[in-house]
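Student: Let me give you the structure first, and then I'll get to my questions.
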Amino acid sequence: MTDGCFRALVEAIHSSPTQAVLYLSGGASQALGWLMSVPGASNTVLETVVPYSRMSMIQLLGKVPNQFAGRQTAEDMSLLAYNRALKLSNPGSPVVGVGFTGSLASTRPKLGDHRFHLSTRTSDQLWVSTVTLTKGLRTREQEDRLSSQCLIKALANACNVKANSALALTESEVPDENERKFDEDEELEQLLSGQICFKVYPFSSDMQNTDRKIILSGSFNPLHDGHLKLLEVATGILGDGYPCFELSAINADKPALTVSQIKDRVKQFEKVGKTVIISNQPYFYKKAELFPGSAFVIGADTAVRLVNPKYYGGDYGKMLDTLLGCKNTGCMFVVGGRNVDGVFKVLEDFEIPEELKDMFMSIPPEDFRMDISSTEIRKTRGV
């Protein structure tokens, strides 16, 4: 594949809507230069990490791999990169995680094969390839160039960009490839098991080029006009950000939702054309880690629980540390008025610790007041 073909391929990747995180170790370094040197790289590349040392790789994976340059390691890296891409991407953008680990020519002769393992993970597919190179045929730089070409081609395929040009592999260097497709049910099962951190259903047609999310979390059983109005008002106040709803499939006090229940609740958002994120974190301090820099839209009843030490084992310091951790992720809370113990309350009715005041914003009651609740709706329906 010529340099001109590769430049055109990288340009096509940057023109696609897919955003990527790449974790590379032991080769394919030239791929980063190609991606970053072609204009438009910020459209595609969210983050690149090169865990080159043993300890760096262990910390990335959270374990000691059976093989540092192994096929399973590449798969693990691509899954981690995929989850990282979900957290960093623009809401609703397709994402891909890329994992690469290689054992290429070095300053000293290797006893084992010269090989590399490459994996890509998208919402509906896991792809992995192993290429064993002919020893002595190429220099280290040439092996790195070849592995870089393979990575760019794999990234293009994951971005649904056609990459038809042949790679300079010999007849004996046939890639050992495997592809696994996921349907929606499998992806939701992976979310429930913790393999993936969340799934986005981008039903809204009002896509914005922003990575800041304005999130209204809830169980949405059912979704009602109060939810829709509250998010609309909060978005108008904040001005900048992509509004979306977030449903946690894991509840702190109730059994986890089933795949069928999740899909039923998702249909509500499809009907009204609103984006919904399905996560597996019931607590706001964990949501803040999932959605850094976001604005969470909450009711006053939730706000009072957030700052009540009772919900932190009676420990005021723990409450403060937990919420300061949320603040350090760049998150904030936008608070709408709600009935609390039968009385309509707004943010100003509660005492917020001085250290946390700047992460709370009040929605004026004249802008939003709707006392409807999902619980009351279920009662009227006899559910």
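The values are calculated or read from the model by the stated rules, or taken from the named source; none is laboratory data. This structure is a prediction, so every number in the text was calculated from the model and none was measured. Every residue, glycine among them, receives a Cβ derived from its backbone with ideal geometry; neighbour counts consider all protein chains shown. The accessibility values were calculated without ligands, DNA or RNA, using every heavy atom of the protein model including side chains. Shrake-Rupley method; radii C 1.70, N 1.55, O 1.52, S 1.80 Å.
Student: Can LEU231 be described as hydrophobic (A, V, I, L, M, F, W, C), touching a strand residue (DSSP E or B) at 6+ places or on another chain (Cβ under 6 Å) and surrounded by 16 or more Cβ atoms within 10 Å (Cβ to Cβ)?
Tutor: Against the criterion (hydrophobic (A, V, I, L, M, F, W, C), touching a strand residue (DSSP E or B) at 6+ places or on another chain (Cβ under 6 Å) and surrounded by 16 or more Cβ atoms within 10 Å (Cβ to Cβ)), LEU231 qualifies.
Student: Could you list, in sequence order, all residues of segment 268-291 that are open to solvent by 30 Å² or more (accessible area, probe 1.4 Å) and farther than 17 Å from GLY92 by Cβ?
Tutor: Scanning segment 268-291 gives GLN268, LYS271, GLN281, PRO282, TYR283, PHE284, TYR285, LYS286, GLU289.
Student: Next question. Cβ-Cβ below 9 Å, separation at least six or inter-chain, first residue in segment 40-52 and farther than 20 Å from GLY102 by Cβ, second part of a loop (DSSP other than H, G, I, E, B) and open to solvent by 60 Å² or more (accessible area, probe 1.4 Å): which pairs?
Tutor: ASN43/PRO17; LEU46/ASP211
Student: Quick check: is even one residue across segment 89-103 free of Cβ contacts under 8 Å to residues at least 40 places away in the same chain, open to solvent by 30 Å² or more (accessible area, probe 1.4 Å) and out of contact with any Asp or Glu (no Cβ under 9 Å at 6 or more places or on another chain)?
Tutor: Within segment 89-103, the first condition is being free of Cβ contacts under 8 Å to residues at least 40 places away in the same chain, and the residues that meet it are none.
No, there is no match, as no residue in segment 89-103 is free of Cβ contacts under 8 Å to residues at least 40 places away in the same chain, open to solvent by 30 Å² or more (accessible area, probe 1.4 Å) and out of contact with any Asp or Glu (no Cβ under 9 Å at 6 or more places or on another chain).
Student: List the strands (runs of 3 or more DSSP E) that sit entirely inside segment 294-376 and contain at least 2 residues that are surrounded by 15 or more Cβ atoms within 10 Å (Cβ to Cβ) and more than 27 Å from the chain's Cα centre (by Cα). Let's see the steps before the verdict.
Tutor: Working: elements: 295-299, 332-336, 338-340, 343-345, 360-362.
The strands (runs of 3 or more DSSP E) meeting that bar are 338-340.
Student: Among LEU35, LEU60, which is open to solvent by less than 10 Å² (accessible area, probe 1.4 Å), in a helix (DSSP H, G or I) and aliphatic (A, V, I, L, M)?
Tutor: Details: LEU60 fails: open to solvent by less than 10 Å² (accessible area, probe 1.4 Å).
LEU35 is the lone residue from the list that is open to solvent by less than 10 Å² (accessible area, probe 1.4 Å), in a helix (DSSP H, G or I) and aliphatic (A, V, I, L, M).
Student: Next question, about the same structure. Name every residue in segment 240-267 that is surrounded by fewer than 16 Cβ atoms within 10 Å (Cβ to Cβ) and of a type in the set (Gly, Ala, Ser), in order of residue number.
Tutor: If the condition is that a residue be surrounded by fewer than 16 Cβ atoms within 10 Å (Cβ to Cβ) and of a type in the set (Gly, Ala, Ser), then ALA252, ALA256, SER260 are the ones that fit.
Student: Hey, among THR122, THR139, which residue is without any contact (Cβ under 8 Å) to a residue 40 or more places away in the chain, hydroxyl-bearing (Ser, Thr, Tyr) and open to solvent by 10 Å² or more (accessible area, probe 1.4 Å)? Break it down into steps so the answer makes sense when it comes.
Tutor: Details: THR122 fails: without any contact (Cβ under 8 Å) to a residue 40 or more places away in the chain.
That would be THR139, the only listed residue that is without any contact (Cβ under 8 Å) to a residue 40 or more places away in the chain, hydroxyl-bearing (Ser, Thr, Tyr) and open to solvent by 10 Å² or more (accessible area, probe 1.4 Å).
Student: Still on this structure, please answer the following. Find all pairs meeting these conditions: Cβ atoms under 8 angstrom apart; at least six residues apart or on different chains; first residue within segment 299-328 and within 17 Å of LYS287 (Cα to Cα); second residue assigned to a helix (DSSP H, G or I) and of a type in the set (S, T, N, Q).
Tutor: The qualifying pairs are TYR312/THR322.
Student: For the condition open to solvent by 40 Å² or more (accessible area, probe 1.4 Å), part of a helix (DSSP H, G or I) and not basic (Lys, Arg), what is the one hit in LEU86, LEU111, LEU79? Show your work before the answer.
Tutor: On the way: LEU86 fails: open to solvent by 40 Å² or more (accessible area, probe 1.4 Å); LEU111 fails: part of a helix (DSSP H, G or I).
It is LEU79.
Student: Next question. All but one of (1) surrounded by fewer than 17 Cβ atoms within 10 Å (Cβ to Cβ); (2) in contact with a strand residue (DSSP E or B) (Cβ under 7 Å, 6 or more places away or on another chain) hold for GLY40; which doesn't?
Tutor: With (1) surrounded by fewer than 17 Cβ atoms within 10 Å (Cβ to Cβ); (2) in contact with a strand residue (DSSP E or B) (Cβ under 7 Å, 6 or more places away or on another chain) applied to GLY40, the lone miss is (2).
Student: Return yes or no: is ALA295 hydrophobic (A, V, I, L, M, F, W, C), within 22 Å of LEU347 (Cα to Cα) and modelled with pLDDT under 95?
Tutor: On the way: hydrophobic (A, V, I, L, M, F, W, C): yes; within 22 Å of LEU347 (Cα to Cα): yes; modelled with pLDDT under 95: no.
Answer is no for this residue.
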